[in-house]
Amino acid sequence: MSENMKLSELKAKANRLPTTPGVYIMKNKDGDIIYIGKAKSLKNRVTQYFGLGNQHSDKVRKMVSLVDDFEYVLCDSEFEALILENSLIKQNQPKYNILLKDDKGYHYIKITNDKWRKITTSMQLDDKSAEYIGPYYSSAVVKDTVAEVRKIFKLPDCNRSFDKYSKPCLNYHIGLCDAPCRANISAAQYNETIDSAISFIKNSGDDIIKTLETNMEAAAERLDFEYAAKLRDRINAIKKLEDKQKVVMCTYKNQDVFASAVLNDIACIAVLVFRNSRLTDKKHFIIDTFTDKNDLYSQFITQYYAGNDIPSRILIDTEMDSRELLEQWLCEKAGKKVEILLPQRGEQKNLVNMCRNNAADNLAQKTELRGREMSALNELARLLGLENAPRIIESYDISNTAGDENVAGMVVFRDGKPYKPHYRMFKIKGFVGQDDYRSMAEVLDRRFTEYENGENEGFATLPDLILLDGGKGQISAVEPILKKHNVNVALFGMVKDSKHRTRAIATNGGDISIKANESAYRLVTAIQDEVHRFAIGYHKKRRSKKMLNSELTAINGVGQAKATALLKHFKTMKAIKTATVDELCAVNGINQALAEKIYNEFNS
């Protein structure tokens with residue numbers, strides 16, 4: 001069926017929809033869900049996709065071209081549709097919906113639980129005895145907060161034991177640390193300072209200043225003028241910091257501010273988080289998957305507050321149709337009254353403007369970088385005769401030494417940048433010796449077998465382009481593998497000159513010179529250098545391990561298993577060579593006689 005016939009069929013189906021609230025689910029020809037949306041009137045909303053033609057953005061047109069069918073679910077109200085839409089997006093993660101990352105990137109302020117507590121940064125909740133403040137999205141906010149607290153309260157940033165007297169470091173001499181290491185402060189006073197620091201992080205400065213002033217007066221009354229002077233300096237430091245922070249303080253105690261910047265089909269949403277009237281965190285999210293500007297905030301906010309605490313006030317920079325629905329959803333989720341406001345003047349309007357400026361700045365940085373990379377990808381697509389820019393590129397290289405330790409490396413580039421989570425290493429298993437063609441065929445065969453199995457996330461997505469390190473021979477060896485697995489992916493080689501620099505792109509019919517185009521040449525060179533580095537690094541690692549093992553297995557009585565156990569225990573050959581007999585005996589499988597033999601081998 002032609003594309004126009006399919007579009008007419010879908011439009012006719014959309015025209016038969018009821019004008020009631022509901023959720024629509026777009027699917028491709030494989031039955032995969034690619035977009036989920038909600039509508040106050042299903043008929044009015046869905047027909048827009050199949051009837052506006054050139055009025056759509058490029059991304060919407062691309063999505064619509066992939067739609068083979070759609071389903072829908074009727075709801076009693078638009079609010080019910082909002083909840084169902086949010087639930088279905090979480091379950092199915094459609095390609096063209098806004099998808100926020102989870103909280104793996106969150107950061108915490110950690111307070112250890114020991115005699116001399118310490119305030120540090122952390123990305124893991126790995127100490128059950130410790131206290132954590134957070135989470136924060138920005139590592140910079142956490143680091144800056146800990147640095148300011150250490151500076152104000154003159155806390156140590158070292159790992160020394162303060163139960164023993166030691167020589168103070170430079171921080172003490174320049175007035176940045178009270179030096180508990182030289183017994184300048186008692187454990188009780190130190191932990192009182194820690195409590196003040198924690199209170200300062202959690203609450204406003206006014207509260208802690210009152211406590212510090214009370215403690216300062218008490219210290220002066222008992223004639224502890226040195227400690228009173230320290231408290232006075234601490235109060236002054238907090239006041240000075242709060243003067244700097246007034247520019248980003250707000251009248252209301254807890255509120256979040258949302259603002260966005262949009263360029264073509266890319267958006268950046270910035271979030272300013274105010275707690276206890278202070279700016280405690282700022283975040284930004286680049287969104288290049290949204291297809292509907294009307295649903296941008298609706299889908300974003302419901303996903304954002306699935307994993308973040310909900311304040312009583314939320315400021316936005318633009319009016320949206322579903323504001324009342326979102327307020328109702330947030331109120332039910334938070335168990336309190338939540339307002340979404342669009343400020344028109346004054347302090348609150350200034351905060352929204354500041355948030356929008358943050359969004360615009362981050363979007364400018366993102367699009368400038370993305371523009372350079374997409375330009376290179378588009379130029380590469382033109383040179384290779386591809387219909388679209390190859391957003392996912394896989395590259396392969398073989399590495400061995402005269403057939404020994406024959407391995408391969410696979411690197412992945414997404415949107416012109418290395419995507420290291422999906423890098424993979426292969427040890428050639430099908431034969432012994434040197435044969436780069438057979439090696440390349442084996443690796444691609446294993447790669448696409450993994451794709452068919454669908455169990456390994458790194459192999460779950462097909463690339464748009466495969467670049468082999470080599471020429472026509474490597475391409476000829478791999479083409480039958482693609483046919484075997486019924487994979488339709490563009491396949492080319494990367495050819496080097498006599499100085500081992502990228503020269504051209506290889507095809508079955510000859511070479512395509514790319515040196516004349518700087519952006520495409522730079523991209524292919526980066527890919528070829530990266531896959532070579534990755535493959536040869538894996539090869540060297542295996543050779544090094546083999547050489548170390550062979551040095552040990554040359555000793556009578558030490559086999560492969562015991563050599564591996566020794567290396568695992570001592571980590572390096574130097575540690576093995578300098579180990580005592582007793583230390584060698586501590587390794588599983590090494591008895592006294594063998595330990596003496598190993599010791600004598602390296603120490604005779």
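The values are calculated or read from the model by the stated rules, or taken from the named source; none is laboratory data. Worth saying up front: this structure is predicted, and the values here are computed from it rather than measured. Here the Cβ positions follow ideal geometry from the backbone for every residue, glycine too, while neighbour counts run over all protein chains shown.
A few comments on the model shown:
- In the range 406-437, the residues that are assigned to a strand (DSSP E or B) and farther than 23 Å from Thr449 by Cβ: Lys417, Pro418
- Filter result for Ile119 (hydrophobic (A, V, I, L, M, F, W, C), within 25 Å of Leu170 (Cβ to Cβ), modelled with pLDDT of 85 or more and crowded, with 19+ Cβ neighbours inside 10 Å): yes
- Per the listing Lys164, Lys115, Lys110, the residue uniquely over 18 Å from the mean Cα position of the chain (by Cα) and assigned to a strand (DSSP E or B) is Lys110.
- Some residue of the range 495-508 being surrounded by fewer than 15 Cβ atoms within 10 Å (Cβ to Cβ), without any contact (Cβ under 8 Å) to a residue 12 or more places away in the chain, among the basic types (Lys, Arg) and closer than 24 Å to Tyr419 by Cβ: no
- Close Cβ contacts (under 8 Å, 6 or more residues apart or on different chains) running from residues in the range 446-457 that are in contact (Cβ under 8 Å) with a residue 24 or more places away in the chain to residues that are assigned to a helix (DSSP H, G or I) and among the aliphatic types (A, V, I, L, M) comprise Phe448/Ile481; Phe448/Leu482.
- Residue check for His569: under 30 Å from Ile428 (Cβ atoms), assigned to a helix (DSSP H, G or I) and either in contact with a Phe, Trp or Tyr (Cβ under 9 Å, 6 or more places away or on another chain) or touching a residue at least 24 places away in the same chain (Cβ under 8 Å) (or both): no
- Residue in the range 189-196 that is farther than 30 Å from Asp281 by Cα and either part of a helix (DSSP H, G or I) or touching a residue at least 40 places away in the same chain (Cβ under 8 Å) (or both) present: yes
- Of all residues in the range 420-479 being polar (S, T, N, Q) and touching a strand residue (DSSP E or B) at 6+ places or on another chain (Cβ under 9 Å), the one that is modelled with the lowest pLDDT: Asn456
- Scanning the range 44-74 for residues being part of a loop (DSSP other than H, G, I, E, B), at pLDDT 85 or above and of a type in the set (A, V, I, L, M, F, W, C) gives a total of 1.
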